[in-house]
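The values are calculated or read from the model by the stated rules, or taken from the named source; none is laboratory data. Owing to the predicted nature of the structure, the values given are computational and were not obtained by experimental measurement. Positions of Cβ are backbone-derived with ideal geometry, glycine not excepted, and every protein chain shown enters the neighbour counts. These accessible areas exclude ligands, DNA and RNA; they are computed on the full protein's heavy atoms, side chains included. Shrake-Rupley method; radii C 1.70, N 1.55, O 1.52, S 1.80 Å.
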Amino acid sequence: RILETHNVFTLIIDFLKHTPHEGRVQSLPLQLGQQFGVFQQLYGTEWTQHLFLYNNIQSLDITQDPRPTAENQVYREALQGRVNTIARLWELTNTRFIFGLSDTNFLNSLSAQLDPGQQRFRRHTAFDLVPKPGISNPTSLDQVTVVTNGPGQFALIEFTGALPRAKLFTSWLASTNDTEVLSLLTNANFNPHQSVIVSAPLPAITNAAATNAGNVKFLGYAPKLVRLEANAAAPSVLLLNDKHAPNWKVSVDGQPATLLRCNYLMRGVQVPAGRHEIVFRYEPPITGLYVTAAAGVIAFLLLGLALFTRHADGAPPVAKPPAPPPAK
């Protein structure tokens, strides 16, 4: 079924899966009428739970998170659900593509409400929901498909204000107070394209912030291994807009480096001036492996003991030698 659905959505899905690490996607979290509600149902079932997973497309939409971490909850409460912070959320999380309506008036309204004075939304691909061939009155989502060969009332909208997935900064702010960090991130006067906030006592900047900090390119991107090449114009902080976790390790030119927590929730590392290879690698502790191995050995020994005991209990009795004849 996934492959069949994939063929239907070729243009949109193929585009999003081509370089998924260059931009996340989300359906606009607003009520935009009954027809868009039908699309959101399709998006929330077929797309986020099947197509996106099958094609490694990264989405900001939450499909399953029964036990969210404390930092995730605090971050969402600060940035989600409020009109004046939705665009900042997309900006900080590298969410480049939004699903909404394709009408020009809608795009202008979107900019005015969510991103006033910026004009950073543009229509990328328009599409329509239509019944599948042979169905005149669809009654379920599996009877609906998408076409992109017309004007379309829906659209994949590009948000050009999203931060790149990886970026170098020669200007940073250091704060170990999480409340202060979130306050800065949601402040309209803070420009996340110019400075990054590091939750560590980094030394003050000694060089003047470079206008062009340099560039970063991906050498490889996998769920547990990210390889980057950075060409830094000056000593910098490299921000990788992927979730920070203690089990992630980072190296610069093969040497272990300190993993930084940037912009409250993301990963980062300090990089000297020049060209360097940076590797982020997920390395969970091996304590659990030792426990599992020990449990396996103990289980094997207990099984062997049980088999030996069972064999001993079920062994036939040993015949006693006949008694010697009485002496004459």
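From the list Leu168, Leu141, Leu202, Leu163, which one is touching a helix residue (DSSP H, G or I) at 6+ places or on another chain (Cβ under 7 Å) and closer than 20 Å to Leu238 by Cβ?
Leu163
Consider segment 147-164. How many of its residues are touching a residue at least 60 places away in the same chain (Cβ under 8 Å), open to solvent by less than 10 Å² (accessible area, probe 1.4 Å) and more than 15 Å from Arg88 (Cα to Cα)?
Residues flagged as touching a residue at least 60 places away in the same chain (Cβ under 8 Å), open to solvent by less than 10 Å² (accessible area, probe 1.4 Å) and more than 15 Å from Arg88 (Cα to Cα) within segment 147-164 amount to 3.
If Ile62 passes every condition in (1) in contact (Cβ under 8 Å) with a residue 40 or more places away in the chain; (2) under 23 Å from His18 (Cα atoms) but one, which one does it miss?
Here Ile62 meets the rest and fails (1).
Please go through segment 75-88 and give me each residue that is basic (Lys, Arg), over 16 Å from Phe159 (Cβ atoms) and outside any loop (DSSP other than H, G, I, E, B), ordered by number.
Passing the criteria: only Arg76.
Going through segment 123-146 one residue at a time, which ones are open to solvent by 30 Å² or more (accessible area, probe 1.4 Å) and of a type in the set (S, T, N, Q)?
Thr125, Ser136, Asn137, Thr139, Ser140, Gln143
Looking at segment 126-146 only, could you name the residues that are out of contact with any Asp or Glu (no Cβ under 9 Å at 6 or more places or on another chain) and in contact (Cβ under 8 Å) with a residue 24 or more places away in the chain?
Matches in segment 126-146: Ala126, Phe127, Asp128, Leu129, Val144, Thr145.
Name every residue in segment 121-169 that is part of a loop (DSSP other than H, G, I, E, B) and modelled with pLDDT of 95 or more, in order of residue number. Working first, answer last.
Pass one, segment 121-169, residues part of a loop (DSSP other than H, G, I, E, B): 132-140, 148-153, 160-165.
Passing the criteria: Thr160, Gly161, Ala162, Leu163, Pro164, Arg165.
Take segment 49-74 and flag every residue that is assigned to a helix (DSSP H, G or I) and either open to solvent by less than 10 Å² (accessible area, probe 1.4 Å) or touching a Pro at 6+ places or on another chain (Cβ under 6 Å) (or both).
Our first condition is that a residue be assigned to a helix (DSSP H, G or I); within segment 49-74, this holds for 49-54, 70-74.
Of everything in segment 49-74, those that are assigned to a helix (DSSP H, G or I) and either open to solvent by less than 10 Å² (accessible area, probe 1.4 Å) or touching a Pro at 6+ places or on another chain (Cβ under 6 Å) (or both) turn out to be Leu51, Phe52.
Would you mind telling me which numbered condition in (1) over 19 Å from the mean Cα position of the chain (by Cα); (2) modelled with pLDDT of 95 or more; (3) not aromatic (Phe, Trp, Tyr) Asp242 fails?
With (1) over 19 Å from the mean Cα position of the chain (by Cα); (2) modelled with pLDDT of 95 or more; (3) not aromatic (Phe, Trp, Tyr) applied to Asp242, the lone miss is (1).
Looking only at residues in segment 260-274 that are out of contact with any Ser or Thr (no Cβ under 8 Å at 6 or more places or on another chain) and at positive phi, which one is least open to solvent (accessible area, probe 1.4 Å)?
Checked segment 260-274; the qualifying residue least open to solvent (accessible area, probe 1.4 Å) is Asn263.
I want to confirm something. Restricting to segment 231-259 and keeping residues that are without any contact (Cβ under 8 Å) to a residue 40 or more places away in the chain, assigned to a loop (DSSP other than H, G, I, E, B) and closer than 19 Å to Gly274 by Cβ, which single residue is most open to solvent (accessible area, probe 1.4 Å)?
Once the filter is applied, the top-ranked residue is Asp253.
Looking only at segment 223-244, count how many residues are among the hydrophobic types (A, V, I, L, M, F, W, C) and under 18 Å from Thr19 (Cα atoms).
Of the residues in segment 223-244, 4 are among the hydrophobic types (A, V, I, L, M, F, W, C) and under 18 Å from Thr19 (Cα atoms).
Within segment 79-101, identify whether any single residue is among the aliphatic types (A, V, I, L, M), open to solvent by less than 50 Å² (accessible area, probe 1.4 Å), at pLDDT 90 or above and touching an Asp or Glu at 6+ places or on another chain (Cβ under 7 Å), and answer yes or no. Steps first, answer last, please.
Of segment 79-101, the ones among the aliphatic types (A, V, I, L, M) are 79, 83, 86-87, 89, 92, 98, 101.
Of the ones still in play, those that are also open to solvent by less than 50 Å² (accessible area, probe 1.4 Å) are 79, 86-87, 89, 92, 98, 101.
Imposing the further condition that a residue be at pLDDT 90 or above reduces the set to 79, 86-87, 89, 92, 98, 101.
This time we only want the ones that are touching an Asp or Glu at 6+ places or on another chain (Cβ under 7 Å), so: 87.
The answer is yes; a qualifying residue exists.
Kindly indicate the residue of segment 192-210 that is open to solvent by 50 Å² or more (accessible area, probe 1.4 Å) and at pLDDT 65 or above and also nearest to the chain's Cα centre (by Cα) among those meeting that condition.
Going residue by residue through segment 192-210, those that are open to solvent by 50 Å² or more (accessible area, probe 1.4 Å) are 193-194, 201, 203-206, 208-209.
Those still in the list that are at pLDDT 65 or above too: 193-194, 201, 203-205.
Working: His193: 20, Gln194: 23, Pro201: 27, Pro203: 30, Ala204: 31, Ile205: 31 Å.
Going through the qualifying residues, I end up with His193.
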